[in-house]
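Comments concern the structure below.
Since every read-out is calculated from the coordinates, none of them should be taken as a lab result. Everything quoted here is computed from the prediction, not taken from an experiment. Every residue, glycine as well, gets a Cβ built from its backbone with ideal geometry; the counts of neighbours run over all protein chains shown.
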Amino acid sequence: MRHPAWVWGLSLSPLTMKETCEAAVRLVEGKHPSYFITANVQQAMLSEQLPELREFNANAAFLVADGAPLVWASRIKGTPLPERVAGSDLLFELSEQAARLGHRIFLLGGGAGVAQEAARRLELKYPGLLIVGVETPPFRPLTEREEVELQDRIRAARVDILFVALGSPKGERWMTKNLPMLNVPLCVQIGASLDFAAGRVRRAPVWMRRIGMEWAFRLAVEPRRLCSRYAANLWFILRMVTRDLTRWVRGQGPPPEARHPVGVETQEASA
């Protein structure tokens, strides 16, 4: 694993989409319960606020940048990331790869009927894809019995890749609690990607994704749901940019987390 780029508290691996997919294959073949994170600005902001999320990040096999601002910031800092690795694209890339390699996929999360429709469309798009389970847990906390029954169903499906779409930090909490009991070599939190795969939410045109403006399209499509979130993200970005500029003017060097990284050993050992 090449040296990570530290951006706003996140240790981001300099991987392309192709390299991320190759790393996913190694994790599946390793047979040891693991996960990696497609991190965006929301992940950075919540990680600053929640110690449990920082620990979750540190224990990941690796983090990739699912957010144009993180990529831009890495290049300004002189530790450039090669590209954005969007979770909404990664779901399709890993599904195509799974169809070729015979990896078994399980979809967990989404609203009513979303995971089922996403599974139907993915299987049509990638002949031979094995989606061996679909679950849409209720929004309320699961009872202990429901948790155990869900674990049993996932284990019985002999899953290679578990896609979790439970939102953040709910998804991270669920993975931290359940991963040791699932016998799944790779879990990936994919946020709203199931909505895209199911056709419930339109994706931005390719040209907007390429120039880092997908957020603007999503805000135009879902203003009520995303306005407050994106406002908070913007305020976080402004704070981080101001902090970085202040340190640069004062000649103070990188922020403390980059000088004393937590979890880098874990990431390198998992590569």
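When the Cα convex hull of the chain is projected onto planes of every orientation, the mean area is 13.9 nm².
The slack between L234 and R75, meaning 0.36 nm per residue of separation minus the straight C-alpha distance, is 55.4 nm. Note on the chain: antiparallel DSSP beta bridges, both residues inside, total approximately 15 percent of the bridges counted. Would you mind checking the tilt of helix 170-182 against the longest principal axis of the Cα atoms of the chain, expressed as 0 to 90 degrees and rounded to 10? It works out to around 50 degrees. Counting only alpha carbon atoms, the long axis of helix 87-101 and the longest principal axis of the chain meet at about 50°. Taking 0.36 nm per residue of separation and subtracting the Cα-Cα distance, full extension of the segment from V132 to T16 would add 39.0 nm.
Considering only E93, E146, E29, the mean-square fluctuation computed in a Gaussian network model of the chain, springs between alpha carbons under 10 angstrom, is largest for E146. Taking each residue as 0.36 nm, the span from A112 to H32 lengthens on full extension beyond its C-alpha to C-alpha distance by 25.7 nm.
Compared with the dominant principal axis of the Cα atoms in the chain, helix 17-30 is inclined by about 50°. Other residues lying with their Cβ under 13 Å from the Cβ of D195 contribute a combined charge of +4, Lys and Arg counting +1, Asp and Glu -1.
Working note: Karplus 6.51/-1.76/1.60 with θ = phi - 60° gives the stretch 124-131 the couplings 5, 6, 10, x, x, 5, 9, 9 Hz, where Gly and Pro are set to x. How would the stretch 67-181 be classified by its alpha-carbon gyration tensor: rounded, prolate or oblate, with rounded meaning a/c under 1.5 and the a/b versus b/c comparison settling the rest? Oblate, since a/c reaches 1.5 and b/c is not below a/b. Between G133 and L107, the built amide H atoms are under 5 Å apart, and every one of these is 5 or more places off in sequence or on another chain. With the simple spin-label model, which puts each label point 7 Å out from Cα in the Cβ direction, the E48 to L101 separation comes to 3.6 nm. For L179, the shell of other residues with beta-carbons less than 13 Å away shows a net charge of +1, using +1 for Lys and Arg and -1 for Asp and Glu. In the stretch 132-183, what chymotrypsin sites (Phe, Trp or Tyr not before Pro) fall in a loop by DSSP, with at most 10 other Cβ atoms inside 10 Å? Answer in residue order: F139. In this rough spin-label picture, where each label sits 7 Å from Cα along the Cβ direction, the R250-R121 distance is 4.8 nm. Every Cα-Cα pair in the stretch 117-253 was counted, and those over 25 Å apart are 47% of them. Take the chain and mark each of the trypsin sites (Lys or Arg not before Pro) that is in a DSSP loop with at most 14 other Cβ atoms within 10 Å; the longest unmarked stretch, sites excluded, is 32-157. The spacing between the stretch 181-255 and the stretch 37-55, judged by their C-alpha centroids, is 12 Å. Check the straight Cα-Cα distances from K125 and name the lysines below 30 Å, setting aside those fewer than 8 residues away within the same chain. In chain and number order, the partners are K18, K31, K170. For the chain, adding -39500 (n - 2.57) for each run of n ≥ 4 DSSP H residues and dividing by the number of residues yields -16500 deg cm²/dmol at 222 nm.
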